[in-house]
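Report on the following structure.
The values are calculated or read from the model by the stated rules, or taken from the named source; none is laboratory data. No experiment lies behind these values; they were computed from the predicted model shown. Note that each Cβ is placed from the backbone with ideal geometry, even for glycine, and that neighbours are counted across all protein chains shown. Side chains included, ligands, DNA and RNA excluded: accessible areas come from the protein's heavy atoms. Shrake-Rupley method; radii C 1.70, N 1.55, O 1.52, S 1.80 Å.
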Amino acid sequence: MPATGIRRGWTGAGPGTLARVKRIALLGATGSIGRQAIEVIRADPELELVAAASRSTAIDGLAPLTQTGGDLTELLDRAEPDVVLNAVVGFAGLAPTMWALEHGVSLALANKESLVAAGELALRARERGGGDLVPVDSEHSALFQCARLGEPESVVLTASGGPFRGRTRDELADVTPEEALAHPTWSMGPKITIDSATLANKGLEVIEAHFLFGLDYDRIEVVIHPTSIVHGLARFRDGAAIAHLGNPDMRVPISYALTYPDRAPLPVPPLELGTLEFHEPDADTFRMLPLARLAGERGGTYPCAYNAANEVAVQAFLERRIGFLELPALVEDVLGRVDGAPARDLAELVEADRRARSLVPVA
Ligand SMILES: NC(=O)c1ccc[n+]([C@@H]2O[C@H](COP(=O)([O-])OP(=O)(O)OC[C@H]3O[C@@H](n4cnc5c(N)ncnc54)[C@H](OP(=O)(O)O)[C@@H]3O)[C@@H](O)[C@H]2O)c1
């Protein structure tokens, strides 16, 4: 079982009270979520960073245990954390997600790709492990909090619409990576920023919501909400609809996931109320959204294939090897060529991911 640190400090119950310090392992420490998580952890005396990992950026001295590259599950074995914050980008986050779920260690999940790809395997691992799975994605954090008030019948995910909201297909043909990287409301890593521009991010989030909240796809709606103030809305059987509002600031869902089931103070400005706008997404122009639904509804390893093909296509777009409109075309092509057979274990899932990647002609 993971060790739990006990530290004497101020806990809100008065000076000198014994506080239970949560030992955090932060994977993806140098990224956008990782850096904000460090800020949150350093400001909270009840959180302690015991391990940190990156892919290639040096992080010596950041935590008692650090690792750049290498096997993330070996680091977790050594660190024995209370909470794993998985802020790695892409399918590379699969192994630590499964490690936390199997071991019953609380998982603060930013790495949506692992849940999308692993789906049922991840849910079964969580059932065996019995630990908490708290989403860091702001929309899912919002819905997770709404769902504590009752079982939602359906949910609404909001999307800013990204930098190209309102554009036609013709206007998207020649957009550059620089234009796609200029997100209007969130400052994030490059992969998720491109995913936001194509609406693949919302597509991944629809699948993520399906697995997190056990809802059929026709009960997961997406609306465009340009200011990203309403993060999510849950509808209940008595007709009530409960929404979660906040400034777009990822420190809020990061802190919630790390301190769950408590809520820690954060130095964020109070929300000022203004006009809230909602529109239908343009699914004909932003094809990655309906393609995600298609993959989700087909089930099996189709979501894994969607994610894999998207990761390869995003990289190719960032490297200017393909145009913006080729992204959904490539993903659609891969979805038409894989068999989508359900993965019985992780080895089969990894093979489904590899196969989908190999089918993208720009890989
Ligand atoms: N950014 C946001 O606001 C936001 C919001 C919601 C959800 N998310 C999700 O959170 C995840 C991280 O996003 P991000 O924007 O923070 O990405 P990012 O800025 O690109 O950072 C990615 C991090 O992952 C590390 N990494 C990548 N592959 C790794 C590997 N094999 N082993 C260890 N570390 C690895 C990178 O290390 P190096 O620096 O060494 O490359 C970096 O620290 C994504 O799944 C994203 O969808 C992000």
Handout entry: For the chain, calculated [θ]222 nm from helices alone, where every DSSP H run of n ≥ 4 adds -39500 (n - 2.57)
Key = -12000 deg cm²/dmol
Problem - Per residue, in Å², the accessible surface of the chain once ligands and nucleic acids are set aside, probe 1.4 Å - result: 44 Å²
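Rounded, prolate or oblate: pick one for region 16-163, where a ≥ b ≥ c are the square roots of the eigenvalues of its C-alpha gyration tensor, a/c under 1.5 means rounded, and failing that, prolate if a/b is larger than b/c, else oblate.
Values: a/c = 1.41, a/b = 1.33, b/c = 1.06.
Rounded is the answer for region 16-163, as its axis ratio a/c remains below 1.5.
Can you divide the C-alpha Rg of region 315-363 by 2.2 N^0.38 Å and report the result to two decimal places?
It is 1.28.
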Handout entry: Label-point gap, in nm, between residue 120 and residue 178 - each point 7 angstrom along Cα→Cβ
Key = 4.7 nm
Practice task
Provide the gained length on full extension for the span residue 247 to residue 264, in nm with one decimal, where the gain is 0.36 nm per separating residue minus the Cα-Cα distance.
Solution key: 4.5 nm
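Specify whether the C-alpha gyration tensor of region 213-363 places it in the rounded, prolate or oblate class, a ≥ b ≥ c being the square roots of the eigenvalues: rounded for a/c under 1.5, otherwise prolate if a/b is larger than b/c and oblate if not. Don't jump to the answer; show the numbers that get you there.
Working: a/c = 1.84, a/b = 1.71, b/c = 1.08.
Here region 213-363 falls in the prolate category.
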Problem - Cβ-derived FRET efficiency at R0 35 Å, residue 238 paired with residue 43, nearest 0.05 - result: 0.35
Completion exercise
So the FRET efficiency between residue 275 and residue 329, C-beta based with R0 = 35 Å and rounded to 0.05, is 0.45
Exercise for the section: Could you pull the Rg and Dmax for region 204-243, using just the Cα atoms, both in Å? Expected result: 11.0, 29
Completion exercise
Computed from the beta carbon distance with a Förster radius of 25 Å, FRET efficiency for residue 68 and residue 347 to the nearest 0.05 stands at 0.40
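Ignoring ligands, DNA and RNA, please state the percent of accessible area on the chain from carbon and sulfur, probe 1.4 Å.
Values: 8090 of 16030 Å².
After summing per-atom areas, the C and S share lands at 50 percent.
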Handout entry: Contact order normalised by residue count of the chain, Cα under 8 Å, 6+ apart, percent
Key = 15 percent
Handout entry: Simple spin-label estimate for residue 148 and residue 318 in nanometres, 7 Å along Cα-Cβ
Key = 3.4 nm
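Between residue 60 and residue 227, what length comes free when the chain is fully extended (0.36 nm per residue of separation minus the Cα-Cα distance, one decimal in nm)?
On the way: separation 167, 0.36 × 167 = 60.12 nm, distance 3.78 nm.
Full extension of this stretch gives 56.3 nm more.
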